[in-house]
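Colleague: One structure, as structure tokens, below. Some questions next.
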């Protein structure tokens, strides 16, 4: 088969109507998905007094310890480093957990998918909302930073109204292709888990770009640097840079488009893959 005929066959296999129906089905059942996500978080911490706040407490202690360590390593003020790490950890935790959990969500709910006519988008939204609930608990750390004076109040926090929706669009697209491709290639989930672990070191979560003496391009040319900045800068009281907003917008568009393309190509095949 020639290369042109292979491309033609691949294009004909795209079913955007089925992909649109799948996404519309997911969003039309958003109240149900919300209840599923809320119930899942409750069941994970049944009979626990603090529930998800245990993760928040662990993260807070981790942030305090890393604040002193990285503040000492880079000669930066702990008052500046602790809020930087805290907000970075919350955002990175949201991104990495969505990616890793989306990659296994279809396989984990195989029985439900085979028995009921449910959409792939519905389970991706389930992962997004479940992690959004957990991240909302982590925002207690941000409130504590505000109360102790490590974060100053500013109207620049309103910029998050732009950054957060773009982040959610990007994670929805990533969740779609991660869920579908992982159903086909079962080696992908452990690969993505390792990728997020290693990638954590190359993203300015714990360290600040201004503290790098060499290899500054690791931060400057990393789109995740701007994804973090679009949310972290407003929470720290500064407006995000124009370049960060542009990069985040392009990232959201690319991730969503790739997710829809993956869904259009593989929606019919998913039931056979899982």
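The values are calculated or read from the model by the stated rules, or taken from the named source; none is laboratory data. The structure presented is a predicted model; accordingly, all values stated were derived computationally and were not measured. Cβ: placed from backbone, ideal geometry, glycine included. Neighbour counts: every protein chain shown.
Colleague: Scan the stretch 96-111 and tell me whether some residue there is modelled with pLDDT of 80 or more, part of a helix (DSSP H, G or I), over 18 Å from the mean Cα position of the chain (by Cα) and surrounded by 15 or more Cβ atoms within 10 Å (Cβ to Cβ). Working first, answer last.
Modeller: Filtering the stretch 96-111 down to residues modelled with pLDDT of 80 or more leaves 96-111.
Subsequent filtering for residues that are part of a helix (DSSP H, G or I) retains 96-108, 110-111.
So of that shortlist, the ones also over 18 Å from the mean Cα position of the chain (by Cα) come out as 107-108, 110-111.
With the extra rule that they be surrounded by 15 or more Cβ atoms within 10 Å (Cβ to Cβ), the set shrinks to 107.
Yes, that holds for at least one residue.
Colleague: If you don't mind, there's one more thing I want to ask. Hey, residue 150 hits all of (1) surrounded by 17 or more Cβ atoms within 10 Å (Cβ to Cβ); (2) modelled with pLDDT of 85 or more; (3) within 21 Å of residue 208 (Cβ to Cβ) but one; which does it fall short on?
Modeller: Among (1) surrounded by 17 or more Cβ atoms within 10 Å (Cβ to Cβ); (2) modelled with pLDDT of 85 or more; (3) within 21 Å of residue 208 (Cβ to Cβ), residue 150 violates only (2).
Colleague: While we're looking at this one, here's another question. Checking the structure you have, find out if any residue of the stretch 61-69 is in a helix (DSSP H, G or I), surrounded by 13 or more Cβ atoms within 10 Å (Cβ to Cβ), modelled with pLDDT of 90 or more and out of contact with any strand residue (DSSP E or B) (no Cβ under 9 Å at 6 or more places or on another chain).
Modeller: no
Colleague: Could you tell me whether the stretch 230-242 includes any residue that is surrounded by fewer than 19 Cβ atoms within 10 Å (Cβ to Cβ) and not in a loop (DSSP other than H, G, I, E, B)? Reasoning before the result, please.
Modeller: Applying the first criterion (surrounded by fewer than 19 Cβ atoms within 10 Å (Cβ to Cβ)) to the stretch 230-242 yields 237-239, 241-242.
This time we only want the ones that are not in a loop (DSSP other than H, G, I, E, B), so: 242.
Yes, because at least one residue in the stretch 230-242 is surrounded by fewer than 19 Cβ atoms within 10 Å (Cβ to Cβ) and not in a loop (DSSP other than H, G, I, E, B).
Colleague: Test residue 37 against the criterion of being over 26 Å from residue 202 (Cβ atoms), assigned to a helix (DSSP H, G or I) and in contact (Cβ under 8 Å) with a residue 12 or more places away in the chain, and give yes or no.
Modeller: Numbers: over 26 Å from residue 202 (Cβ atoms): yes; assigned to a helix (DSSP H, G or I): yes; in contact (Cβ under 8 Å) with a residue 12 or more places away in the chain: yes.
For residue 37, the condition - over 26 Å from residue 202 (Cβ atoms), assigned to a helix (DSSP H, G or I) and in contact (Cβ under 8 Å) with a residue 12 or more places away in the chain - is met.
Colleague: While we're here: Does residue 195 satisfy the condition of being in a helix (DSSP H, G or I), over 27 Å from residue 22 (Cα atoms), touching a helix residue (DSSP H, G or I) at 6+ places or on another chain (Cβ under 9 Å) and modelled with pLDDT of 90 or more? Spell out the reasoning first.
Modeller: Numbers: in a helix (DSSP H, G or I): yes; over 27 Å from residue 22 (Cα atoms): yes; touching a helix residue (DSSP H, G or I) at 6+ places or on another chain (Cβ under 9 Å): yes; modelled with pLDDT of 90 or more: yes.
Yes, satisfied.
Colleague: Of all residues in the stretch 259-274, count the ones that are farther than 14 Å from residue 185 by Cα and either at pLDDT below 80 or not in a helix (DSSP H, G or I) (or both).
Modeller: Here is the first cut: in the stretch 259-274, the residues farther than 14 Å from residue 185 by Cα are 259-261, 263-265, 267-268.
Those still in the list that are either at pLDDT below 80 or not in a helix (DSSP H, G or I) (or both) too: 267-268.
Adding up the residues that qualify gives 2.
Colleague: Give the residues of the stretch 112-125 that are outside any helix (DSSP H, G or I) and surrounded by 13 or more Cβ atoms within 10 Å (Cβ to Cβ), sorted by residue number.
Modeller: So the first thing to find is which residues in the stretch 112-125 are outside any helix (DSSP H, G or I), and the list is 116-119.
Those that are outside any helix (DSSP H, G or I) and surrounded by 13 or more Cβ atoms within 10 Å (Cβ to Cβ): 118, 119.
Colleague: If we scan the stretch 201-210, do we find a residue that is part of a helix (DSSP H, G or I), surrounded by 14 or more Cβ atoms within 10 Å (Cβ to Cβ) and in contact (Cβ under 8 Å) with a residue 24 or more places away in the chain?
Modeller: no
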